[in-house]
Amino acid sequence: MVQYKLHYFNGRGRAEVIRLIFVAAGVEFEDIRISREEWPTIKSSMPLGQMPVLEVDGVKLCQSGAISRYLANQYGLSGKSEMEKYWVDAFREAMEDIGKKFPFSEKDEEKKAELKKQFFEETGPDGLKQLEKLYREYNDGASFLVGEELTVADLTFISFADFLKALKEDIFDCVPDLVALDRRLREIPNIKAWIERRPQSEF
């Protein structure tokens, strides 16, 4: 049996989709959480000096998107056809585009406050409305973002929703179909159990 060891900080962040893939597939993995104090001492041992890193039978894989695509292909979560695989990628990239618009890296505090206000009042809701429109048009508001079965696009959406709701709890109020999707996905037994037992963290 393949041995998986996932290295990341004690948070959801860029590792959570990877964890959710293992959880959804019912695959065991070692969830290694590195403290901020430990990180400088092990950074040089990680490919590209960053995390998450997934060890697969001792081989270290890097880059969260590449890892999640690799695992999704391994465990049947990447889509059932080439067209479904395209839509999985399209939805994931659309979510990434929305997340990138939050001004994490802005150093000027006054400007950052203005950009955050703009994100919460305009940019974020507008992006979510576009995402909901795509979901309605492509999959008619069905149980999953793509096709008739769970894919990594849905698992990415759970992590994406966690991220946005941590910034502003009611940000999804303008997109009822996405709220309903989020609720359905979190009721999937393996996913529900993981969310209930996963370590609490700031991010």
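Computed from the coordinates by the stated procedures, all read-outs in this text should not be read as laboratory data. Computed from a prediction, not measured in an experiment: that's the story for all the values here. Every residue, glycine as well, gets a Cβ built from its backbone with ideal geometry; the counts of neighbours run over all protein chains shown.
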- Query: How about region 101-150: which GluC sites (Glu not before Pro) there lie in a loop by DSSP and see at most 13 other Cβ atoms within 10 Å?
  - Reply: E148, E149
- Query: How large is Rg over Rh for the chain, taking Rg from the Cα atoms and Rh as the Kirkwood inverse mean of 1/r across Cα pairs?
  - Reply: 0.97
- Task: Could you name the lysines whose alpha carbon sits less than 23 Å from that of K116, not counting residues in the same chain fewer than 8 places away?
- Result: K100, K101, K107, K129, K165, K168
- Query: For region 96-117 and region 1-41, what is the separation of their C-alpha centers, rounded to whole Å?
  - Reply: 28 Å
- Message: Based on DSSP loop calls and a cut-off of at most 10 other Cβ atoms within 10 Å, the longest stretch of the chain free of exposed trypsin sites (Lys or Arg not before Pro) is what?
- Response: 108-203
- Reachable lysines from K5, Cα under 21 Å, same-chain residues fewer than 8 places away excluded? K43, K60
- Query: From the Cα gyration tensor of region 4-76, with a ≥ b ≥ c the square roots of its eigenvalues, which class applies: rounded if a/c is under 1.5, or else prolate if a/b is larger than b/c, or else oblate?
  - Reply: prolate
- Mean separation of Cα pairs under 8 Å and 6+ residues apart, divided by the residue count of the chain: what relative contact order is that in percent? 24 percent
- Note on the structure: Loop-resident chymotrypsin sites (Phe, Trp or Tyr not before Pro) in region 28-105 with no more than 13 other Cβ atoms inside 10 Å, DSSP not H/G/I/E/B, are F104
- With x for Gly and Pro, the residue-by-residue ³J(HN,Hα) of region 20-35, computed from phi through the Karplus equation 6.51 cos²θ - 1.76 cosθ + 1.60 at θ = phi - 60° and given in whole Hz, is 5, 4, 4, 4, 4, 7, x, 9, 6, 8, 8, 9, 8, 10, 9, 6
